[in-house]
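Each value in this text was obtained by applying a stated rule to the coordinates, not by laboratory testing. All values derive from a computational prediction rather than experimental measurement. Methodologically, a virtual Cβ is constructed for each residue, glycine included, from the backbone with ideal geometry; neighbour enumeration extends over all protein chains shown.
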Amino acid sequence: MNTTKKIIFLLGIVFFFSMKVCAETYQDGDFIVTCGSEKEKIGNVDDEKFIVGIKRCYKISQNTEFTFTWYNSEKESINEIEGLIVFVNPKSFDLTLDDYNALKLTLGLGVYDMTFKFNMGDNPQRMNVLIKHHTTHTIGDTDKPTEPTCTTKGFPGKCSECGQWIWDTSTTTTSTDYKPVLGHDFTKQTWTTDEVNGGKYRTCTRSGCDHKQYTYDVVPGEPALSITLKDDVTLTYPQSKSPVYAWDGMMWKVKLGETPACELSQGQVNGILTQWPHNKTEHQCADKSWVEDCTVEGCTEGFTRRWLKINGNKVETTATTGDLAIESLTLDDAVGYECEAEYTANDVSYSRTMSNEWGTLCLPFEIQSDQEATCKFYELKEVKETEIVLTEMTGNIPAGTPVLVRRNAEGTNISLNATNAAITVAPAAGSTANGFSLVGRFTASEALPEDSYIISNNKFWHVSDLTSKEDVTDVKVGPFRAYLQSSGVQNVKMMSLSIGDDTTTAIDVLNAADEGEAEIYDLNGHRLQGLQKGMNIVKRGNKTTKVIIK
């Protein structure tokens, strides 16, 4: 053997996976580590005397069989030495391969340092493998484990050498493993009277924690937050202290105003009874009013503010408890009215400029019978092919009732008001006659059905006739108005409701009679000076119409 040849070896780590040892031709002095069908080629040497050490670190997650093979291409076969089965062994041991041997070894869970030494003697050539169970981890200051405290979770640290997550030098884990919050420990602690704030407190016994846990005596029947602990201690916090409790994902926390009063882990709590009525959050109550600090349905005390939402605006109520009431309500004809609550308005008013004599009206408060200074009100009584029957409404008109309104001839405005008026939330059903009904609105409508009728310019207009015009896409009515809806069973060309130059509407008849443009007779044919109660025969041109005034 030539001892002057230069030793050539591989300094870098070269890994070859998923190959069989016998599937390749190796150079003299190759050393192979095989795990199942995977193998790692450590390096090669020639026949010059030399010793070289190569270190590897292996992380083994389950019991794994390794085969260490000293291979030389001049050798036709490899002898395998069976035996030596070792599981997790904290001690170091040597494996020696002589005369081109192979050795099998089973290693258990853990991390191992392996040092491979090529010892090229004259005879025989030898490979030593030093295996040492890796028990010392290197953890930087920023990656050290954090133990849990009373209020925080603990997390493992990461070894910079092997990459394992560990709590200590022997316990492995994963990056997501954590130790739960310990929770405060008040075991067998005595209660101390708080001379400043009242109540009693005790202090956590854990090292470095001075957290105080408060409890208060509560008069029987007084609303309170009550927390029963696993050690049969009950903590109580009265409504007068404004207790607020919440779960933040790790701890139950109780505050008295801005002052922390209690912190409890889930495992310490046996039950929570929330009897107190306020927690300072905006909340809508069962009566549809809004309060600043009530979350219990039906709560009637302790409010600091109470309001209604009218057209999206907050309107303060006159009292924080009891029946709902506000000081005043002014209805805006251009905006309309929306509110979920029913209440009383000390003063309510509505006004409208009417360029035409006839129109419709629907208001959320009752119209008193004395509100006829600027207008009169009518309901639909009967509709026939040749008769139009309107009834004047002389009593109080219930809130939300849609009506026909006729302003006085000398003015252009109508003005209505009431005191201590009950305000309703939605329009009521209107008068009906022969398949037609009056439908009211507090807000502007969507596009009306084609078989509806509206009043404009002192006439009833059929919606389908209006939408047939090129410049009209749909027809709507504004806030506090009404429209006539057909059930679909009537003939839409009925004289009293049809639109055209040579037909007459109910309003036309009444207007013509009042203005002296028509001749009015009773049933006996006697001419009258104006419309009278009962049946009227109205002749206008070559058209004759019956009008009943009740």
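Just to verify a number: FRET efficiency for Thr467 and Ala444, C-beta to C-beta distance, R0 = 22 Å, to 0.05?
Values: r = 17 Å, r/R0 = 0.79.
Efficiency for this residue pair is about 0.80.
Tell me, what ³J(HN,Hα) does each residue in the stretch 141-151 have, in order and in whole Hz, if you take phi through Karplus 6.51 cos²θ - 1.76 cosθ + 1.60 with θ = phi - 60° and put x for Gly and Pro?
For the stretch 141-151, the Karplus-derived couplings read 4, 7, 10, 6, x, 10, 6, x, 10, 4, 10 Hz, x marking Gly and Pro.
If I stretch the segment between Lys314 and Thr394 completely, what's the gain in nm (0.36 nm per residue apart, minus their alpha carbon distance), one decimal?
Full extension of this stretch gives 25.2 nm more.
5 Å is the cut-off here: which amide hydrogens, built 1.01 Å from N in the peptide plane, fall below it relative to Thr106, excluding neighbours closer than 5 in sequence?
For Thr106, the qualifying residues are Phe66, Val86.
At what distance in nm do the modelled label points of Gln368 and Lys188 sit from each other, each positioned 7 Å from its Cα along Cα→Cβ?
With each label point 7 Å from Cα toward Cβ, the separation is 7.9 nm.
What FRET efficiency comes out for the pair Ala422/Glu327, r = Cβ-Cβ distance, R0 = 22 Å, nearest 0.05?
So the FRET efficiency works out to roughly 0.90.
Under a Cβ-Cβ cut-off of 11 Å, what is the net charge of the residues other than Lys55 that fall near it, where Lys and Arg count +1 and Asp and Glu count -1? Before the final figure, lay out the partial values.
Numbers: positive: Arg56, Lys117, Lys132; negative: Asp113.
Net charge around Lys55: +2.
In nm, to one decimal, how far is the modelled label at Thr142 from the one at Ser207, with both set 7 Å along Cα→Cβ?
So the label points at Thr142 and Ser207 sit 2.8 nm apart.
So which of Lys55/Lys144; Lys59/Lys132; Lys230/Lys253; Lys288/Lys376; Lys230/Lys255; Lys255/Lys309 end up more than 23 Å apart by C-alpha?
On the way: Lys55/Lys144 26 Å; Lys59/Lys132 12 Å; Lys230/Lys253 16 Å; Lys288/Lys376 34 Å; Lys230/Lys255 21 Å; Lys255/Lys309 31 Å.
Cα-Cα > 23 Å for Lys55/Lys144; Lys288/Lys376; Lys255/Lys309; rest within.
Quick one: net charge of Gly478's neighbours, Cβ under 9 Å, K/R +1, D/E -1?
So the surrounding residues net to +2.
What whole-number distance in Å separates the alpha-carbon centres of the stretch 185-222 and the stretch 248-263?
Cα centroid of the stretch 185-222 versus Cα centroid of the stretch 248-263: 14 Å apart.
Mind ordering 518-531, 201-214 by average Cβ neighbours within 10 Å, highest first?
201-214, 518-531
Grab the beta carbon distance between Asp287 and Lys533, set R0 = 35 Å, and tell me the FRET efficiency rounded to 0.05. Don't skip to the answer; put the middle values down first.
On the way: r = 45 Å, r/R0 = 1.30.
The formula returns an efficiency of 0.15 here.
Tally Lys/Arg at +1 and Asp/Glu at -1 over every other residue whose Cβ is under 12 Å from the Cβ of Glu316; what's the total? If you can, show how the numbers build up before the last one.
Numbers: positive: Arg305, Arg306, Lys309, Lys314; negative: Glu292, Glu327.
Surrounding charge for Glu316 is +2.
Would you please put 230-239, 337-346 in order of how densely packed they are, using the mean number of other Cβ atoms within 10 angstrom per residue and starting with the highest? Walk me through the numbers on the way to the answer.
Working: 230-239: 15.8, 337-346: 18.7.
With the highest mean Cβ count within 10 Å placed first, the list reads 337-346, 230-239.
Given labels modelled 7 Å from the Cα in the Cβ direction, how far is it in nm from Glu222 to Asn542?
About 9.3 nm separates the two model spin labels.
First check a/c for the stretch 356-415, with a ≥ b ≥ c the square roots of the eigenvalues of its C-alpha gyration tensor; if it is under 1.5, answer rounded, and if not, answer prolate when a/b is larger than b/c or oblate otherwise.
Numbers: a/c = 2.04, a/b = 1.30, b/c = 1.57.
The shape class here is oblate.
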